[in-house]
Each structure stands twice: as structure tokens, then as C-alpha cells.
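Peer 1: For reference, the structure I am asking about is given below.
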Amino acid sequence: MTGYLPDHGDGGYRVAHYDLDLDYKPHTGRLGGRATLSAVASAPLTRVVLDFDALAVSRVLVDGKPARHTHGGGKLRIRPTRPVDGPFTMEVRYSGVARPIRTRHWGELGWDQLADGALVASQPVGASSWFPCNDLVRDKATYRISVTAPSSYVVLANGVQVEGRTGGSSTTWVYEQAEPMATYLASVQIGQYVRVPLGGGQDVAAPARLVRDVRHDFARQPRMMTVFEELFGPYPFRAYQVVVTDDELEVPVEAQGMSVFGANHVDGRRGHERLVAHELAHQWFGNSVGLADWRDIWLNEGFACYAEWLWSERSGGPTAAVLAERARARLTRAPQDLRIGDPGVANLFDDRVYKRGALTLHGLRTRQGDLDFFATLREWTDTHRHGTATTADFMALAQRHTTYPLSLFFRSWLEEPHLPAL
């Protein structure tokens, strides 16, 4: 299975678990790391290739024994002393000044230095900027992430915090992500944050200067969680963390069990609440139910965009039907040259994928009716919970909940460039 990004990942093995021990110096940007990967080879391998960018590698072990390796061109090529077959482990030690990866289509991705701290925004190929990995979107693994930073900083990472140790002027934060996660969703956020409680066991980590506006703008997030659990099924993870950086961000950052917003997404008037809904919905659509291949990106973004409309409908704003008509009117003025079921690498995050994906779901809802439509969504999130799925999987599931033939409907919305009528 080649997929959209054939130069990323190695299909000869899969990673079951990443154990990352990191030490970060915010004022210099220096990152030291030890990554231990528990993997399984599908056949005997004399060479193992990891995606890893510019940080310098000082040592590599395979099953506890030193292994020869070369590092360059975004790849760490490892030659074990004997072929690996079945379960094996790799340990990589590395250090350097962490920088994002420059990409042709998506700008800079991965570990990025903030004015005071750091953030990780890896989608789709930035994970290798900060840890060696098998960067296949379908290769999901569990994680343990330990980060040592100066004690004045708060560190957040995926999963549940299981330990915190302070020694001298530094603190070590340890998180465990027990549910399988794609590499691009692994994340670390570091800043001088305070916790803003929202109720319902939820809070937001934010700069002290933004506390008042954050408390107002995210106040309805616990209610949003309740609505989405009703519509989509139980929240799929043990925790949900929200971070607001002191810097501005072009768009919010999606991570598993976590969403990251810029200071510009907080205005004290809930002017960006649709983005709060969008990022929360990704926990079901994109994080728990992951992609088997990037060509099916509409399954992530179309569903999250439609969740914005569903929240509006449930919270007293315009209905999904009204928002769908508005979105379609805007799309009629855009070029009619994109097939969202196979948009191409350059158009993965084109706004037409988001909006037309949402329109596809609204069209399906009008054909199925609310009872069958939301039954389809709940079965989707339950059947593929913590796994991966494809457009073909969704089409087959939707058809099982519908007596009306859907093949032409899906073809017109996903495979044809011309925009269909609602």
C-alpha cells in the first residue's frame, strides 16, 4: 500500500509502543532525547528505516546491542547485528536544537519554538522533527512521553499525566497515552501557563493575561462534550486537554486528546467557538477513528466541519441546513476542479475538502433522516474506535442504514469535481 506519501514510513514493520524521554531548554531550544520503540517485523529485516530529521544521533541499540546506522535526508537507516523478525526494540539517543521541518505544501511542521516555550504541530509529516518514528498514518501505537523542563514551565503531552518530579530547578512531567495514536498526533506543549477550570473535569492551560477571555470563550465546551457524546458516542479517550499559547497561530493544532489554540483565537466574545467544536470533534473523527491513507482526509475534516454546524444547531445558532446552503453558495464561486475523495497531496487541507465534506454528510443526513444518520455516526465511531478506516468502509456502513441506493450519491459528492445540488 503506497498511498499519498510513499517516502514516509516503512511497511516492513509496525511500532506497538513509543517511550520518549526528552529534556528541553526553552531559552536555547536545545532538545535531548532517548526514544525506545517496541516494534514487530512482518518478515526478517536486515535493515530498519526510521523517519528522523535534523537532530544528531549519538547512539542506536537494537534489542539492547549497538547497531550500525546512517542518518541523512530525513531517514535513520539502522543495520542490526542480526536480522530482526517478529518483536524487537530500538533505542535511539539524540540531541540538538529542535526546529520544524520545511515542507513544499504545508510550510513548517513539527517542533516549533514559541516566544517563550514550544509547541508541536506535526500534521501531516512533522513528527520526525522531534522523535524517530515510523511515520505512516495507519501505524498507530501507544506512548509514554517524559519531558524535563525548567520548573517555571508547564508541560502538556498526549494522554494522562502519571508522574511529576521536581529536582533542583527542573521538573519532569510524564504522560501515558494508552489508546493507539498516529505519529502526526503525538504532541508536546511547553509554556508558562495557568489552569483555567471549566467544570465537568475540563480545564484550559493558558497565559495568565488571557484567563478572563479564555474562561468565557471556552465556557460552553463541557456542554459541547455532552452534545457530541450524544451524537457521536462516548468520548474515546481518558482525558481532553486544551492549550492556548501566548503566540498567534494561523489555525488551531489538532492532537490526540488535545487541542491547541493561538492567542488570536480568544477574543472574549466566543468569536471562534466553531473552532472549539471543530477541534473537539476531531477526537472522534481523525484521532480515535484514524485514516488508513491520507487520500481519505475528508473523513477527518468533513466530519469535524459538520460538527461545527451541529453545535450551532444545538446551541441556538443557525441550523445545519442553513449553514449548508451558505457553504454551498460559497463553493459555487470556487473552482470546480477538486475531487474530495482523492484531492491529491497539494490539496489535502484545501478548504473545499472541509466544506464539501461537510455538505456530503448533510446530504447523507437528508437522505437517511436523523435517526439513521446519527445511528450511522455512532456505529462508525464504535466499530473503528482506536483503529483506522477508509471511505469505502464509511460508504458500506451508510448503505446498511439506508434503503435508498447511495452509490450515485457518494460518487457525485466525492468523485466528481462538479458541485452537486443539495
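The numbers here are math on the coordinates, done by the rules we state, and not lab data. Bear in mind the structure is a predicted one, so any value in this text is a computation, not a measurement. As a convention, Cβ positions derive from the backbone with ideal geometry for all residues, glycine included, and neighbour counts pool all protein chains shown.
Peer 1: If I model a spin label at Thr28 and Gln161 as a point 7 Å from the Cα along the Cα→Cβ vector, what separation in nanometres do I get?
Peer 2: Calculated label separation equals 2.6 nm.
Peer 1: What Kirkwood hydrodynamic radius do you get for the range 289-349 when you take the inverse of the mean 1/r over all pairs of distinct Cα atoms, in Å?
Peer 2: Values: mean 1/r = 0.0767 Å⁻¹.
Mean inverse Cα-Cα distance, inverted, gives 13.0 Å.
Peer 1: Please report Rg (one decimal) and Dmax (integer) in Å for the Cα set of the range 62-180.
Peer 2: 16.3, 46
Peer 1: Normalising by the residue count of the range 1-183, find the relative contact order in percent from Cα pairs under 8 Å and 6+ residues apart. Don't skip to the end; give the middle numbers.
Peer 2: Working: 460 pairs, mean separation 42.6, N = 183.
Result for the range 1-183 is 23 percent.
Peer 1: Just to check, using Stokes-Einstein with a Kirkwood Rh over alpha carbon pairs, what's the diffusion coefficient of the range 152-287 at 25 °C and 0.890 mPa s in µm²/s?
Peer 2: Working: Rh = 15.3 Å.
For the chosen part, D equals 160 µm²/s.
Peer 1: Arrange the following residues from fewest to most other Cβ atoms within 10 Å of their Cβ: Trp106, Trp294. Show your work: numbers first, answer last.
Peer 2: Details: Trp106 17, Trp294 21.
With the sparsest Cβ surroundings first, the list reads Trp106, Trp294.
Peer 1: In Å, what Rg and Dmax follow from the Cα atoms of the chain?
Peer 2: 21.6, 67
Peer 1: Another one. Tell me the relative contact order for the range 310-422 as a rounded percent, counting alpha carbon contacts under 8 Å between residues six or more apart. Intermediate results must be reported in sequence, preceding the final value.
Peer 2: Working: 80 pairs, mean separation 39.1, N = 113.
Relative contact order here is 35 percent.
Peer 1: Something else about it: If you take the alpha carbon radius of gyration of the range 156-203 and divide it by 2.2 N^0.38 Å, what ratio comes out, to two decimals? Walk me through the intermediate numbers first.
Peer 2: Working: Rg = 12.8 Å, N = 48, 2.2 N^0.38 = 9.6 Å.
Normalised Cα radius of gyration, the range 156-203: 1.34.
Peer 1: Now for a separate question. Can you give me the distance in nm between label points at Arg223 and Leu114, each placed 7 Å from the Cα along the Cα-to-Cβ direction?
Peer 2: 2.8
Peer 1: Then there is this: Convert 37 °C to kelvin, take the viscosity as 0.692 mPa s, use the Kirkwood radius over C-alpha pairs of the range 290-422 as Rh, and evaluate the Stokes-Einstein diffusion coefficient in µm²/s, rounded to a whole number.
Peer 2: 220
Peer 1: Run the numbers for Ser152 and Thr36: contour at 0.36 nm per residue of separation, minus the present Cα-Cα distance, in nm.
Peer 2: Once the chain is fully extended between Ser152 and Thr36, it gains 39.0 nm.
Peer 1: Once you place label points 7 Å from the Cα toward the Cβ at Val251 and Val97, how far apart are they in nm?
Peer 2: So the label points at Val251 and Val97 sit 2.9 nm apart.
Peer 1: Tell me, what are the semi-axes, in whole angstrom and largest first, of the equivalent ellipsoid of the range 203-270 as set by the roots of 5 times the Cα gyration tensor eigenvalues? The partial results should precede the final answer.
Peer 2: Details: eigenvalues 98, 37, 20 Å².
For the range 203-270, the semi-axes come out at 22, 14, 10 Å.
Peer 1: Using just the helices of the chain, give the 222 nm mean residue ellipticity in deg cm²/dmol: DSSP H runs with n ≥ 4 each add -39,500 (n - 2.57), and the total is spread over all residues, rounded to 500.
Peer 2: Working: 9 runs with 104 residues, N = 422.
Helices in the chain give a 222 nm mean residue ellipticity of -7500 deg cm²/dmol.
Peer 1: Note down the net charge around Ser146, summing +1 for each Lys or Arg and -1 for each Asp or Glu among other residues with Cβ under 15 Å from its Cβ. Intermediate results must be reported in sequence, preceding the final value.
Peer 2: Details: positive: Arg34, Arg93, Arg144, Arg165; negative: Asp19, Asp21, Asp23, Glu91, Glu163, Glu176.
Net local charge, Ser146 excluded: -2.
Peer 1: Please give the contour-minus-distance gain from Glu379 to Glu415: 0.36 nm per residue of separation, less the Cα-Cα distance, rounded to one decimal in nm. Spell out each step's value before the answer.
Peer 2: On the way: separation 36, 0.36 × 36 = 12.96 nm, distance 2.43 nm.
Result: 10.5 nm gained on full extension.
Peer 1: Next up: Take the chain, mark every one of the GluC sites (Glu not before Pro) that falls in a DSSP loop and has at most 14 other Cβ within 10 Å, then report the longest stretch left between them, sites excluded.
Peer 2: Values: sites that count: Glu248, Glu250.
Between exposed loop sites, the widest span is 1-247.
Peer 1: Can you put Thr70, Thr36, Thr245 in order of Cβ neighbours within 10 angstrom, beginning with the fewest?
Peer 2: Exposure proxy ranking, most exposed first: Thr70, Thr36, Thr245.
Peer 1: Okay, next question. What's the extension gain from Ala396 to Ser58 if we count 0.36 nm per residue and subtract their Cα-Cα distance?
Peer 2: On the way: separation 338, 0.36 × 338 = 121.68 nm, distance 4.90 nm.
Net length gain for the segment: 116.8 nm.
Peer 1: If you don't mind, there's one more thing I want to ask. If neighbour count is taken as other Cβ atoms inside 10 Å, put Met224, Met258, Met395 in order from fewest to most.
Peer 2: Details: Met224 21, Met258 29, Met395 18.
Least to most surrounded, the residues fall as Met395, Met224, Met258.
Peer 1: Which parts of the range 233-267 would a label at Phe349 reach, counting a residue when its backbone N lies under 14 Å from a point 7 Å out along Cα-to-Cβ?
Peer 2: Answer for this model: 249-255, 260-262.
Peer 1: Give the cross-link partners of Lys65 among the lysines, using a straight C-alpha distance below 28 Å as the criterion and excluding same-chain residues fewer than 8 apart.
Peer 2: Lys75, Lys140
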